[in-house]
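Step one of this worksheet: look at the structure below.
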Amino acid sequence: MTVTYKSLNMFPEILTPVLHKVEYHISHEDYQVNMWLRENCKSYYYHSPGWMKEKFIQFEDDNDAVLFALRWS
């Protein structure tokens, strides 16, 4: 697992993960995407809001983002 962190400007001692946004085509079934995420991701990930037209996942783990992009983008 490789998570990249950055510090906040006003609070340099606080580190937050750098999120990697990966868009995927709307034609992919949410069920299949969610199954793949549960089976393959090693760290936290976040779905795009359901009301948005674009579909994307934001990953904390650099490797999870790359693997997802190779499979679903």
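When only residues in the range 10-20 that are part of a loop (DSSP other than H, G, I, E, B) and under 11 Å from the mean Cα position of the chain (by Cα) count, which is farthest from L67 (Cα to Cα)? Residue satisfying both the conditions and the ranking: V18.
Per-residue answers, yes or no, for (1) touching a Leu at 6+ places or on another chain (Cβ under 8 Å); (2) in a loop (DSSP other than H, G, I, E, B); (3) surrounded by 13 or more Cβ atoms within 10 Å (Cβ to Cβ); (4) not β-branched (V, I, T):
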| site | (1), (2), (3), (4) |
| --- | --- |
| V22 | no, no, yes, no |
| Y31 | no, no, no, yes |
| K42 | no, yes, yes, yes |
| K53 | no, yes, no, yes |
| Q58 | yes, no, yes, yes |
| A65 | no, no, yes, yes |
| A69 | no, no, yes, yes |
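Among the residues of the range 23-65 satisfying the criterion of being among the aliphatic types (A, V, I, L, M) and in contact with a strand residue (DSSP E or B) (Cβ under 8 Å, 6 or more places away or on another chain), which is farthest from T4 (Cα to Cα)? The residue in question is I26.
Throughout, read-outs are computed from the coordinates displayed, never taken from laboratory work. Being a predicted model, the structure only gives us computed values, none of them experimental. Virtual Cβ from ideal backbone geometry, glycine too; neighbours counted across all protein chains shown.
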